[in-house]
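Participant: Structure below; questions to follow.
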Amino acid sequence: MGSTRPSPELQEKSLLFAAATMAGVLLSLLTPATSAVAYDHKAIIVNGQRRILFSGSIHYPRSSPEMWADLIEKAKDGGLDVIQTYVFWNGHEPSPGQYYFEDRYDLVRFIKLVQQAGLYVNLRIGPYICAEWNFGGFPVWLKYVPGIKFRTDNEPFKAAMKNFTVKIVSMMKSEGLFEWQGGPIILCQVENEFGPLEWDQGEPAKAYAAWAAQMATGLDTGVPWIMCKEDDAPDPIINTWNGFYGDYFSPNQPYKPTMFTEAWTGWFTGFGGPVPHRPVEDLAFSIAKFIQKGGSFANYYMYHGGTNFGRTAGGPFIATSYDYDAPIDEFGLLRQPKWGHLKDLHRAIKLSETALISGDPIVKSLGNSQESHVFRSNSGDCAAFLANYDTQFYGKVTFNGLHYDLPPWSISILPDCKTTIFNTAKVGAQTSLMKMNPVGNFSWLSYSDDINFDDDKSFTFVGLLEQLNVTRDSTDYLWYRTNVDIAENESFLKSGAYPILTVMSAGHSLNVFINGQLAGSAYAGLQDPRLTYSGSVKLWAGNNIISILSASVGLPNVGEHFESWNIGVLGPVTLNGLNEGRRDLTSQTWTYQIGLKGEALNLHTLSGSSSVEWGELLPKQPLTWYKAFFNAPEGNDPLAIDMISMGKGQLWINGQSIGRYWPGYIATGDCSPCDYRGEFNETKCQSNCGAPSQRWYHVPRSWLNPTGNLMVLFEEWAGDPTGISMATRNVGSICAHVSEWQPSMISWRTKDYKNPKVHLSCEQGKRMTTIKFASFGNPQGACGYYSVGNCHANKSYDVFVKKCLGQQLCSVAVISEVFGGDPCPGVLKASAVEAICE
Ligand code: GAL
């Protein structure tokens, strides 16, 4: 009788065959067949197409996963094609071989969200990343691998670096995230700005750079690798540029594209420093200048800066806010007009794309400081950039027989070589005035941290110990304690001229206690982490205890061999003004305790905080823990804690660390008025001088429950928690000021050249409820304080009320007909409007 069942051998064979096929399929899934992403001298080529790509940096651990989709959507809406992120090694491998990819470190989830939005990813694996991130992204344990030296031709370092890079690349492959697998990753980066170090360090550095390049390309990612600021990047790696401007840069081979991996949108804030801003007119100018030169990839660093939660800030002294003056602010709201003006820039450049990718520009002088850059395609497309580099005056130029007026320090874009549809200095996008609205205070209980040491947790040592070696960065804090005997016959005991205690520390801040009483504090700053405490100390006859709480404020992330920099009280520690003159305490016996008692008790968590008795509020006490319960404010607006009344410390909500706070550090620096014209640098347009460098601390909404949230803070100085409040952040007013001659996209598309429009838009879910101001004529002032000029159409207000009130979006043409006729013929007119969205 015939059987339909296969024989056992046949079964085995077909199983083997199936397994082999599966393996084959798997293998083909994990090795790039033909590269879908390539490059030539002009551009990155995706699926056979040269592309002009706009990219923006969004660092996944600097926001909550619940914010990611919205940030990515806003980036897409702003005209970006690519999201760039670093990979944060110390977040992913907190101890050797123990990996973490959850929550804010869920890299795969982040990349998949970018993919769902239809954008590409530029993955900067590093694993050295700089980034104002603790230790430049290196795990602290790496420093203690025997024989290690960072970022040089050193075997233990190279082994660890390779191990992590392989880990990330394999993870991306197995998740199918490279472009040839149908994923979004089109570019990878190895190392970060190694060129300048290589220059200083010579041979071993050169060997290391070559090794890093080879190691990376050997991983078969199927997408190009880049090395930023690395003139030496060997083929096939593309060397790219980082800076405020990128137009002087050319890659190291004529067959590589010109790429700007970090166009700095602003700059970071340091505790003690003012808050930097970069005018969008200058940022747009920089990008247009880069594209007109032939550049084809520009990444905004940062597009959303976000927050250095926990103790992730580098530095030292990098603030908790990493807002960066980016197009999307720290809280995830659009920064307008920055976001909108760049969106307009991207549209203008994308309309020119066919001509731009076809070849190199023809550059001609149009005057002393004026130039044209013209791109043409074989099929007849023509796009032109008209630039005026003069920092003071308009450039009146003739181009192809037509006249153009170019504002100072600006570039006009003409996607058809005739019509100006965008000028970098003429901002048509709406402005948003942001508001912080106080929504409630807290009822606090307090708990004093203990200045006395636990015998089982402390240890003694003769001499002073370096802090990082002792704490391994498990905490910001290290206690140093020593005894001082004062004889009965010390003359200061009678005269009252107390001795001076001098404490030299390698960083970053400290509190000094004499016999349990706070004697004073000292701290360093961004420029130099070292500090000296010097103050008179009330010692008594007999035994005195000097206790010093040394605090670190973020490990360095940049600089030559930053891993070897020290922290903590390294001495000398001296007492001056004794009968014997000077007594050196440096080499005597010191007792150490790592961290605070409250840290050991986990007071920041719900369970830890209920393990101790909290007392009535004790305001203005140093080394004090405070806790309060609160309900989430209504609505969806982003939240912040206003810490204005506090000194220095750390803050947690429901066990999650909001970060270090330090409103007691007042910003000093140059806050003179800002003019977009002329070369920008990070100190040019700063604000906040004379005020705390950072007053508000972002609380992600998703960290809150509707009721019963626990807030805990630890105050090092003697701040007053009764002044702390919760605030929501939203858009107060939206404004637009558009002139009759504003270059306009829409009008260009409809070929209706002289018809610019005011466009207003409220955030999702909000509508315009009030028109605060409207004038078609020659309105004066700026958003928040417009006034009517001597030319004003009486119907201005009615027109905006009719078109905009109750709407989320509205557009009104800036032409006399709309406003019932020309209020002042012969005068150049504009519309200015201010509205409120609710
Ligand atoms: C760059 C570096 C970035 C970041 C930036 C300043 O040099 O590559 O990681 O540190 O400077 O914000």
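The values are calculated or read from the model by the stated rules, or taken from the named source; none is laboratory data. Everything numeric here is computed off the predicted structure, so don't read it as measured data. Every residue, glycine among them, receives a Cβ derived from its backbone with ideal geometry; neighbour counts consider all protein chains shown. Only protein heavy atoms, including side chains, enter the accessible area calculation; ligands, DNA and RNA are left aside. Shrake-Rupley method; radii C 1.70, N 1.55, O 1.52, S 1.80 Å.
Participant: For the pairs LYS338/LYS684; LYS74/LYS229; LYS457/LYS648, note any where the Cα-Cα span goes beyond 19 Å.
Facilitator: LYS74/LYS229; LYS457/LYS648
Participant: Going down the list LYS167/LYS256; LYS757/LYS795; LYS293/LYS418, which pairs span over 26 Å between their C-alpha atoms?
Facilitator: LYS167/LYS256
Participant: Which cysteines in the chain lack any other cysteine whose Cβ sits under 4.7 Å from their own Cβ?
Facilitator: CYS130, CYS188, CYS228
Participant: Given the peptides 606-618, 543-555, arrange them by the average over their residues of other C-beta atoms within 10 Å, most packed first.
Facilitator: Order by mean packing, descending: 543-555, 606-618.
Participant: Leaving out ligands and nucleic acids, note down the accessible area per residue over the chain with a 1.4 angstrom probe, in whole Å².
Facilitator: On a per-residue basis, 39 Å².
Participant: Which one of TRP741, GLN214, PRO94 is farthest out on the positive end of the charge dipole of the chain, using unit charges on Cβ (Lys, Arg +1; Asp, Glu -1) and the Cα centre as origin?
Facilitator: The one lying farthest along the dipole's positive direction is TRP741.
Participant: Could you tell me how many degrees, from 0 to 90 and to the nearest 10, lie between the Cα long axis of helix 107-116 and the main elongation axis, the longest principal axis, of the Cα atoms of the chain?
Facilitator: Helix 107-116 and the main axis of the chain meet at about 20 degrees.
Participant: Would you work out the charge dipole size for the stretch 591-690 about its Cα centre, treating the Cβ of every Lys and Arg as +1 and the Cβ of every Asp and Glu as -1, and quote it to the nearest 20 debye?
Facilitator: 320 debye
Participant: So for the chain, averaging the separation of alpha carbon pairs under 8 Å that are six or more residues apart and normalising by length, what relative contact order in percent results?
Facilitator: Answer for the chain is 12 percent.
Participant: Follow-up question, since we're still on this one. What FRET efficiency would be calculated for the residue pair ASN543, VAL108, taking the C-beta separation as r and a Förster radius of 51 Å, to the nearest 0.05?
Facilitator: 0.30
Participant: Toward the positive end of the charge dipole of the chain, about the Cα centre and with charges on Cβ (Lys, Arg +1; Asp, Glu -1), which of TRP141, LEU809, THR532 goes farthest?
Facilitator: Highest projection toward the positive end goes to LEU809.
Participant: Now for a different question. Place the peptides 808-814, 455-461 in order of packing, highest mean first, counting for every residue the other Cβ atoms within 10 Å and averaging per peptide.
Facilitator: So the peptides 808-814, 455-461, ranked by packing, come out 808-814, 455-461.
Participant: How much length, in nm to one decimal, is gained on full extension between LYS802 and SER816, taken as 0.36 nm per residue of separation minus their Cα-Cα distance?
Facilitator: Difference between extended and current length: 3.4 nm.
Participant: What's the ranking of 150-161, 525-536 by average number of surrounding C-beta atoms within 10 Å, highest first?
Facilitator: Ranking the peptides 150-161, 525-536 by packing returns 150-161, 525-536.
Participant: Still on this model: Toward the positive end of the charge dipole of the stretch 355-480, about the Cα centre and with charges on Cβ (Lys, Arg +1; Asp, Glu -1), which of SER410, ILE451, PHE399 goes farthest?
Facilitator: Value: PHE399.
Participant: To continue, here is another question. Estimate the FRET efficiency between ASN252 and SER672 by the formula 1/(1 + (r/R0)^6), using the beta-carbon distance for r and 35 Å for R0, to the nearest 0.05.
Facilitator: So, using R0 = 35 Å, E works out to roughly 0.35.
Participant: Please go through the stretch 662-721 and write out the GluC sites (Glu not before Pro) that DSSP classes as loop and that have at most 13 other C-beta atoms within 10 Å.
Facilitator: Qualifying residues, ordered by number: GLU679.
Participant: Further question: Counting alpha carbon pairs within less than 8 Å and at least 6 residues apart, what relative contact order, in whole percent, applies to the stretch 243-352?
Facilitator: Normalised by residue count, the contact order of the stretch 243-352 is 28 percent.
Participant: May I ask you to derive the relative contact order of the stretch 43-181, considering only C-alpha pairs under 8 Å and at least 6 residues apart, and to give it as an integer percent?
Facilitator: Taking the mean separation of contacting Cα pairs over the length of the stretch 43-181, I get 21 percent.
Participant: Return the long-range amide H neighbours of PHE773 (sequence gap of 5 or more, or a different chain), with a cut-off of under 5 Å between placed amide H atoms.
Facilitator: Distant-sequence amide H within range of PHE773: GLU834.
Participant: Once the Cα atoms of helix 280-292 and of the chain are each reduced to a long axis, what angle between those two axes, in degrees from 0 to 90 to the nearest 10, is obtained?
Facilitator: On a 0 to 90 degree scale, this one is about 60.
Participant: May I ask for the Kirkwood hydrodynamic radius of the stretch 673-743, worked out over all distinct Cα pairs and given in angstroms to one decimal?
Facilitator: Value: 17.8 Å, from the Cα pair sum.
Participant: If I compute solvent accessible area with a 1.4 Å probe over the protein chains, what percent of it on the chain is carbon and sulfur?
Facilitator: The C+S portion of the solvent-accessible surface of the chain is 52 percent.
Participant: What value, in deg cm²/dmol to 500, does the helix sum -39500 (n - 2.57) over DSSP H runs of n ≥ 4 give at 222 nm once divided by the residues of the chain?
Facilitator: Mean residue ellipticity, 222 nm, calculated: -5500 deg cm²/dmol.
Participant: Another question, then. What are the principal axis extents of the Cα atoms in the stretch 155-314, in Å, biggest first?
Facilitator: If we take the Cα atoms of the stretch 155-314, the spans are 43, 42, 41 Å.
Participant: So which of LYS396/LYS803; LYS289/LYS343; LYS343/LYS803; LYS289/LYS766; LYS343/LYS435; LYS76/LYS158 end up more than 27 Å apart, counting from Cα to Cα?
Facilitator: Pairs exceeding the cut-off: LYS396/LYS803; LYS289/LYS766; LYS76/LYS158.
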